[in-house]
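The values are calculated or read from the model by the stated rules, or taken from the named source; none is laboratory data. Everything numeric here is computed off the predicted structure, so don't read it as measured data. Cβ sites come from the backbone with ideal geometry, for glycine too, and all protein chains shown count toward neighbours.
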Amino acid sequence: MIAIYNITKTYAGSTVLNIEELEIPKGDSFGLVGNNGAGKTTLFSALLDLIKPTTGYIENNGIVVSDSEEWKSSTSAFIDESFLIGYLTAEEYFYFIGELRGQNKADVDALLTEFEDFFHGEILGQKKYLRDLSKGNQKKAGIVAALIGNPEVIILDEPFANLDPTTQIRLKKIIKELAADPNVTVLVSSHDLMHITEVCERIVVLDKGEVVKDLITSEETLKELEAHFNK
Amino acid sequence: MFKHFISLQWKSFWRSASLSSGLWMKIFMGFWAVWFVLMMMGSSFIAYKYIEKELFLNPLEVVNKFLIYWFVLDLVFRYALQKMPVINIKPLLILPFNKNKIVSFAIGKTALSFFNIIHGFFFIPFSMLLVASGDAPLLNVLLWNIGLIALIYGNNFLNILVNNKGYLVYIVSGIIIILGGLHYFGYFDITQYTAPFFQGLYDSKFLVLLPVLIMIALFVITFRSFRKDLYLDSGLASKSKNVKTENLEWLDRFGKTAVFLKNDIKLIKRNKRARSTVIVSILFLFYGLLFFTGAVKVYDGPVWRIFAGIFVSGGFLMSFGQFVPSWDSSYYPLMMSQNIRYREYLSSKWWLMVIATLASTILASGYLYYGLEVYLAVLVGAIYNMGVNSHVVLWAGAYVKTPIDLTSNKKAFGDKQAFNMKTLMLSLPKLALPMVLYAIGHYAYSPYAGYVLVGVAGIAGFAFRNIVFNKIEQIYRTEKYKTIWAYKQKK
């Protein structure tokens, strides 16, 4: 479970994040939407202890993220290309992440075979370093790397951006499968309201750093979101 | 239209994260620039006076004889160090700029480079001395200078050309090596042909046209090649070649550290910038020649032996170690969100440095030619490097928050942000301490006592490994958010 208490983040006087209380129970599939600058990436970065909130704290599985690193073995993320190691091939990158997360080569290989469809033959055996892959293919590699080592919390920032339609559909399937596991909490942000209502059971709308809507996904959610953003 | 370019450049310079980082760095940059200028001017005076008063030769003739080497060295330095004129060209392509304008600005920008101006600080005082001596007519000296300026700018354009066209590197360096080799072995002395040419610049009124024409030709060729490649899929494209996945399983014997060690080896093998540390360490292998052959008089003191010993064995250690953890800057958020044991991460870098120091020490066994005592200096230097410097360098590196662009080789030497007070203070024990220790032993008892003192200090350094590693871990932890932020700032 993830719990956020009184988080604010202020840069030179302007507050970019201000959340009083937010709880994400274990097994949830949690969607985050908001316009640019709403604080989505800031929130995810704070969850991963990559930025220090000005006030407040975040608990991941009962551990305060900025005090201990115990949460790291059960949490994984793909935020942006700074989560990729450009000079490795995709295989090397997966094995490296695997080793960091206590998985041997066979474990990683077994996991990778599940994603052959998703890779669409463009990731493995490419004779290219990650830095030379296209943006979309880099993203595919990063997303799959975030699934290595049976993480219990998976954070994906804008996973649908840059992906082709086929891959988007496959990714939705993957996220839904993950969400079906009661032990896995998935956090996804997106600009695409359709996608996010399809894969998330709960959707939070951020606006200028504050939670303005907190919805349990239903038939009407998409309409409600569209109405909100069409103001 | 040039106004736009210049304001873009101006902003990109002053708003870069590295420059706004601190006053100290600016002072340091200024200090080095002034230092080089003074060195050039000083050597100009000294060279003139020395040739005239000590060698009883005509300074102009002697300088003309060596000018060819001057220009070759200039080209080599430029190739290694000069930044290429890449203004952010891509976003400009579709704007209503004339392409010729973009190219001429990009190339023209290099004309103001430090690499061109620095020559002036040698040749202008030298020319003034020539004219002041009364034997040299002003006009001839001027013509000579114009010829040299043309050749310097010729080098400037040639360098841009060579940087853009990979194969030219091999051609140009091939020519230089062959001519140098022929000269060294006494078959063919190029200076016999070039000296009269440079002399001719001074003597004749028309020979100056030749270098000017060469310069213009090089400019036109560079311009055309630049202009032609101004497409996303040619000159501006990033090159990629077929690569193989490597497992490096033999490294698994290093246990947990192997995870990082494998990565670090790939880092060095596959990135231009990281590879240059290996080249530096090879250059430093030869650095000792200056000391042990007595080539440079100032370095003859016995204490300098230790200085040389430290550098000969520690080139890689210093050039690689000072940028830990910046080598991993481009994916630092990934590292920080994984469950990484800092200790294993650090010891991987430490092992790399130790292995490289050992390898350098073995390669340096050639110094046995100059006597056992000389090689002993390298040996104790290596012990000190492994025991003390490897830790100090990692410690100092923890304060350096320069993001490294792995794929680019420019600025590889003396990265300006690497200087701050803390790293400066920490560089003292790297060099000064062993020299002091040796001096105590040498002057109090014997050279061997000096070696023993330095060696013992090195071995004692291993005992502090845990303390230093803990300290570095602590720095990594407390500075984590700042470091992540700093690495996000692209130069």
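Data for the structure
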item: Residue list for region B:449-491, restricted to those being within 14 Å of chain A (Cβ to nearest Cβ) and touching a Gly at 6+ places or on another chain (Cβ under 6 Å); result: none
item: Out of B:VAL141, B:VAL131, B:VAL162, sole residue that is free of Cβ contacts under 8 Å to residues at least 24 places away in the same chain and among the hydrophobic types (A, V, I, L, M, F, W, C); result: B:VAL131
item: Conditions (1) surrounded by fewer than 22 Cβ atoms within 10 Å (Cβ to Cβ); (2) outside any helix (DSSP H, G or I); (3) at the interface with another protein chain (Cβ under 8 Å from one of its Cβ atoms); number of the one not met by A:ILE85; result: (1)
item: Qualifying residue in region B:110-124 (condition: more than 30 Å from B:SER7 (Cβ to Cβ) and of a type outside the set (Val, Ile, Thr)); result: yes
item: Number of the condition not met by B:LEU168 [criteria: (1) in contact with a Pro (Cβ under 8 Å, 6 or more places away or on another chain); (2) more than 18 Å from B:VAL63 (Cα to Cα)]; result: (1)
item: Whichever residue in region A:55-82 is assigned to a helix (DSSP H, G or I) and of a type outside the set (Gly, Ala, Ser) and, among such residues, is surrounded by the most Cβ atoms within 10 Å (Cβ to Cβ); result: A:TRP71
item: Residue match in region A:174-186 (condition: in contact with a His (Cβ under 8 Å, 6 or more places away or on another chain), buried (at least 18 other Cβ atoms within 10 Å of the Cβ) and not small (Gly, Ala, Ser)); result: no
item: Lone unmet requirement of (1) under 22 Å from the mean Cα position of the chain (by Cα); (2) assigned to a helix (DSSP H, G or I); (3) away from chain A (no Cβ under 14 Å); (4) under 25 Å from B:LYS272 (Cα atoms) for B:GLY309; result: (4)
item: Considering residues of region A:1-16 that are under 18 Å from the mean Cα position of the chain (by Cα) and not small (Gly, Ala, Ser) only, the residue nearest to A:TYR57 (Cα to Cα); result: A:ILE4
item: Odd one out for A:SER73, checked against (1) facing chain B (nearest Cβ under 7 Å); (2) within 30 Å of A:GLY13 (Cβ to Cβ); result: (2)
item: Verdict on A:LYS52 being surrounded by fewer than 22 Cβ atoms within 10 Å (Cβ to Cβ), in a loop (DSSP other than H, G, I, E, B) and out of contact with any Phe, Trp or Tyr (no Cβ under 8 Å at 6 or more places or on another chain); result: no
item: Options B:GLY441, B:GLY458, B:GLY414; residue that is over 15 Å from B:GLY387 (Cα atoms) and modelled with pLDDT of 70 or more; result: B:GLY441
item: Among (1) closer than 27 Å to A:LYS173 by Cβ; (2) in contact with an Asp or Glu (Cβ under 7 Å, 6 or more places away or on another chain), the one test that A:ASN18 misses; result: (1)
item: Residue satisfying condition, being part of a helix (DSSP H, G or I), of a type in the set (Ser, Thr, Tyr) and at pLDDT 80 or above, within set B:THR277, B:THR222; result: B:THR222
item: Candidates B:LYS244, B:LYS266 - the one that is basic (Lys, Arg) and in a helix (DSSP H, G or I); result: B:LYS266
item: Residues within region B:318-371 that are in a loop (DSSP other than H, G, I, E, B) and either buried (at least 19 other Cβ atoms within 10 Å of the Cβ) or of a type outside the set (Lys, Arg) (or both), tallied; result: 8
item: In region B:266-291, the residues that are more than 11 Å from chain A (Cβ to nearest Cβ) and touching a Leu at 6+ places or on another chain (Cβ under 7 Å); result: B:LEU285
